[in-house]
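One structure is given below, encoded as structure tokens.
Just so it is clear, none of the values below were taken in a lab; they were calculated from the coordinates. Model, not experiment: these values are computed from the prediction.
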Amino acid sequence: MDDVTIEDVDDHDSTFRVKPPLKNQDLSSLTLAVGDFLSQYGWYLLFGTVMLYLLILHLSKRRSSQRSPNPQTPQDATLVARRQEAMEAARRKMQEELDAKAADFKEKHKLQEEEKRRQKIEMWESMQQGKSYKGAAKLSQTTEEASSSQTVLKPKTDKKPLRSTDYNPLTGQGGGSCSWRPGRRGPSSGG
């Protein structure tokens, strides 16, 4: 331990000496990294910056137009008032037409309900008298139709039989268009 000596350096002698500039290795590597980044992506950054600037201008114009609408002239105010009055008149007219149609519909519906009620009463009365209510309903309808149109109703004739009397499906004779045919030959196609 005796080999170590400690010397003090006086500060007053250092004024004559020029100190070398301090170098920070971290800053030099940072400037190199920024330079490399700008050389690779500089055009993209420039384009992005211009687009951002244009977007900000567009949004500011939109915001300013929303805040302060153009002052209306008296002519515009009268035009707007006329339009509103015309719209109100058209709405009133449409509402009156709709009310008239609704009243007509109500009246028709009321008449139909009255007619149904009258028919039910007639059916009930005919049933109380022991008559067929269907026959009474048909009779009342035919009398109303006959009186309103003044036409004569013709009685229906008997229907013709569908098949002649000599038809026998087992013999295959007698006007039938179908006849017996033998089945196909070969193996069955069952599954």
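Assorted remarks:
- Whole-Hz couplings from phi, Karplus 6.51/-1.76/1.60, listed for segment 53-59; x for Gly and Pro: 5, 5, 5, 5, 4, 4, 5
- Based on alpha-carbon atoms, the Kirkwood radius and the radius of gyration of segment 40-130 give Rg/Rh equal to 1.64.
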